[in-house]
Amino acid sequence: MQQHWPGFGLGEETLDKAVWFGSLVGLERAYRVMIEYGLPTRAAPDEMFRRFPLVRVLSPELELRFDGPEEAPLPHVYFRGPDFTLSPLCLFDIEADEWSHDDLIALTTVPWAADWLACYEGWLATGRWLGGGRHARTPEEKAS
Amino acid sequence: MDEFNSNLLGSSAPIGEILLAETAIRIELPPSLHGLAVDRYEALRKYIERDASPLAGLVRIFYPQGSMAIRATIRSRKREDGFDIDIVAELILALTMAPSAVLDLLFTAINGERGSLYHGKVERNTRCVTVHYEDGMHLDITPAVLIDENDPRRSVIFHAKAEEPPTRHQRLEMNSYGFVEWFNARTPIDLSFVEAYANKAYAFDHLRADAEFTPVPAHSSENGGKSATVVAMQLLKRNRNMKYAARRGRMPPSVMIAMFAGETAVPGNSISGALDAITGHMLSVLSKAQAEGRLVDVRNPRCPVDRFTDRWPENLAAQSVYIEDLKVFRGQLAAVMSDSLSLEEKRKLLALMFGEGPARAVVEDFAARIGESVRQGTRRIGAMGRVLPVAVAAPAVVRPAAAQPRGHTFYGSNWPGR
């Protein structure tokens, strides 16, 4: 991480978990982001940050647009309350195995988060999400 | 052109600079319409010189003046308003001829007989004769008479308001040709800027020309291109036109802005740099005049009696209004160039500066390019994570500082409140 993103620093580190903080620019404006990642453990295998790195935008706070024509109120995130502006970003297709624990976070998650920020700014400015992607199917969709 | 290596207007240029350039392209007279204007100009010149014309053999030279001559013509905000093309018809007439008679003669020569080419489309104005075209374009032809054959293009033009008595009619000395020479010599053409700008302009015009106009292969790069100073002037004119659309009274003349632009032009400048220089200089000169309780006096450097500010400002209040406009504009420009604002905030600023239409179109196109390059996985990631779009068809560019991570598909859950 230091080699590719010197602006990112470890904020927390344990034997099986790390949290980085850093600034990332999508287009031009810098965003403060947090990346949380942990090794899979038997004790809590379903914790999301142990399945893949989680990226949250700390500041400037993400804007929820409930009246947005596309992707309202926030595009491509895993909605988590109570503060939905801190919802983790959805940067890759889990079902297509686009990321694995063998991948370097610095070469995948971080630049993908930059992609997300750039498209997010476009979404704020135009109301349209232009970066492509898809959403998880609902249980009903899966059943059909 | 290697888009990555062009810091001037390439994808790694400041976003404000890219948005300003693309706004200018949308508001300027595109190459295809420039070609159409040139065709009409030629046709009109031949018509005035036709055998049956009262001016047959009396036209010494026909030349463009004003924005047409320096390629700074812009579209009007409303399509039906078209745009002005200013031409000088230097006539071989006696200097003593009455101003109204000169204007009437030119009007008669162009209007012709009933059923002829321009009949009914011609208007006689105070200093020129205007030909209106159905698509909104209009050509203003100002009759002039040379003062001294040894001092080419120093001429008089004629001021004769139809409703005023002849005693108030005037002859005004001018040398617009000399001013254009002065301006063009002072606005050096930066080849890298010309190429970057011309590529953007051509791409935009090519898309649009087929739909609206017969394309003409005239292009700014083929004719020497333009400098950042000229592009900045076009943006300033657009801003001025917007501000004055709902105001009464005259607006600051384009030729005055061109004079200030010429005085501040430096090679290698960016559009934002040129805007900053021109507005800073104008603000300084106008504020000094205002503080001294006098009206600004700007004259043609090639013809000192040719006063560019003879009709504006009418008074100190009018001068003060434009001073305030310039202050606001400079604040907005600094914000557009800032790296702390979002794209949406920049769109709102551009809308205030140049109008909602071009601002929305420019930002939508920019966002679409970014989105497309992310979707296709062709973008590069620059320092701090800046996404640098690369066209899908562009050749691969090796640039170690800008990594190209592998593609990915955005995913996500549905809004639980759905």
### Message
Considering only residues that are part of a helix (DSSP H, G or I) and either more than 30 Å from B:Val363 (Cβ to Cβ) or facing another protein chain (nearest Cβ under 7 Å) (or both), which ones fall in region A:118-144?
### Response
A:Ala118, A:Cys119, A:Glu121, A:Gly122, A:Leu124, A:Ala125, A:Thr126, A:Pro139, A:Glu140, A:Glu141, A:Lys142, A:Ala143
### Query
Take the residues of region B:326-352 that are surrounded by fewer than 21 Cβ atoms within 10 Å (Cβ to Cβ) and among the charged types (D, E, K, R): which is modelled with the lowest pLDDT?
B:Asp339
### Message
Would you confirm whether or not region B:53-61 contains a residue that is surrounded by 15 or more Cβ atoms within 10 Å (Cβ to Cβ), within 27 Å of B:Pro358 (Cβ to Cβ) and of a type in the set (Val, Ile, Thr)?
### Response
no
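Looking at region A:59-69, can you tell me whether even one residue there is in contact (Cβ under 8 Å) with a residue 24 or more places away in the chain, among the hydrophobic types (A, V, I, L, M, F, W, C), more than 10 Å from every other protein chain (Cβ to nearest Cβ) and surrounded by fewer than 20 Cβ atoms within 10 Å (Cβ to Cβ)?
Checking region A:59-69: not a single residue is in contact (Cβ under 8 Å) with a residue 24 or more places away in the chain, among the hydrophobic types (A, V, I, L, M, F, W, C), more than 10 Å from every other protein chain (Cβ to nearest Cβ) and surrounded by fewer than 20 Cβ atoms within 10 Å (Cβ to Cβ).
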### Query
Somewhere in region B:193-216, is a residue assigned to a loop (DSSP other than H, G, I, E, B), modelled with pLDDT under 70 and not hydrophobic (A, V, I, L, M, F, W, C)?
yes
### Summary
Going through (1) closer than 16 Å to B:Gly262 by Cα; (2) in contact with a Gly (Cβ under 7 Å, 6 or more places away or on another chain) one by one, B:Ala318 fails only at (1)
### Query
Got at least one residue in region A:70-80 being touching an Asp or Glu at 6+ places or on another chain (Cβ under 9 Å) and among the basic types (Lys, Arg)?
no
### Task
Output the number of residues of region A:95-117 satisfying the condition of being in contact with a strand residue (DSSP E or B) (Cβ under 9 Å, 6 or more places away or on another chain), of a type in the set (Gly, Ala, Ser) and within 7 Å of chain B (Cβ to nearest Cβ).
1
### Message
Quick check on my filter: what residues within region B:300-331 are touching a helix residue (DSSP H, G or I) at 6+ places or on another chain (Cβ under 7 Å), part of a loop (DSSP other than H, G, I, E, B) and of a type in the set (Lys, Arg)?
### Response
B:Arg302
### Query
Taking region B:111-124 as the region of interest, how many residues are modelled with pLDDT of 95 or more and within 19 Å of B:Pro143 (Cα to Cα)?
7
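Among the residues of region B:348-386, count how many are among the basic types (Lys, Arg), in contact with a Leu (Cβ under 8 Å, 6 or more places away or on another chain) and either more than 8 Å from chain A (Cβ to nearest Cβ) or part of a helix (DSSP H, G or I) (or both).
Going through region B:348-386 one residue at a time, the tally reaches 2.
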### Summary
Counting only residues that are surrounded by fewer than 18 Cβ atoms within 10 Å (Cβ to Cβ) and assigned to a loop (DSSP other than H, G, I, E, B), region A:92-109 contains a total of 10
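Table: residues versus (1) touching a Phe, Trp or Tyr at 6+ places or on another chain (Cβ under 7 Å); (2) small (Gly, Ala, Ser); (3) within 13 Å of chain B (Cβ to nearest Cβ).
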site: A:His4; (1), (2), (3): no, no, yes
site: A:Glu13; (1), (2), (3): no, no, no
site: A:Glu28; (1), (2), (3): no, no, yes
site: A:Met34; (1), (2), (3): yes, no, no
site: A:Pro53; (1), (2), (3): yes, no, yes
### Task
Out of the residues in region B:31-60 that are in a loop (DSSP other than H, G, I, E, B) and acidic (Asp, Glu), state the one that is farthest from B:Val131 (Cα to Cα).
B:Asp51
### Task
Considering only residues that are surrounded by fewer than 23 Cβ atoms within 10 Å (Cβ to Cβ) and among the polar types (S, T, N, Q), look in region B:12-44 and name the one that is farthest from the other protein chains (Cβ to nearest Cβ).
B:Ser32
### Summary
Being modelled with pLDDT of 95 or more and within 17 Å of the chain's Cα centre (by Cα) narrows B:Phe260, B:Phe308 down to just B:Phe260
### Task
Answer yes if at least one residue in region A:74-85 is buried (at least 16 other Cβ atoms within 10 Å of the Cβ), among the hydrophobic types (A, V, I, L, M, F, W, C), more than 8 Å from every other protein chain (Cβ to nearest Cβ) and more than 25 Å from B:Gly417 (Cβ to Cβ), and no otherwise.
no
#### Entry: Boolean, B:Met97 is touching a helix residue (DSSP H, G or I) at 6+ places or on another chain (Cβ under 7 Å) and touching a residue at least 12 places away in the same chain (Cβ under 8 Å)
no
### Summary
A:Phe92 vs (1) in contact with an Asp or Glu (Cβ under 8 Å, 6 or more places away or on another chain); (2) closer than 23 Å to B:His408 by Cα; (3) in contact (Cβ under 8 Å) with a residue 24 or more places away in the chain; (4) more than 9 Å from chain B (Cβ to nearest Cβ): all pass except (4)
### Count of region B:332-347 residues which are outside any helix (DSSP H, G or I) and either free of Cβ contacts under 8 Å to residues at least 40 places away in the same chain or more than 7 Å from chain A (Cβ to nearest Cβ) (or both)
4
### Query
Of all the residues that make up region B:254-286, how many are out of contact with any Ser or Thr (no Cβ under 7 Å at 6 or more places or on another chain) and within 15 Å of B:Ser67 (Cα to Cα)?
5
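The values are calculated or read from the model by the stated rules, or taken from the named source; none is laboratory data. Model, not experiment: these values are computed from the prediction. Please note: Cβ atoms are built from the backbone with ideal geometry, for glycine as well, and neighbour counts cover all protein chains shown.
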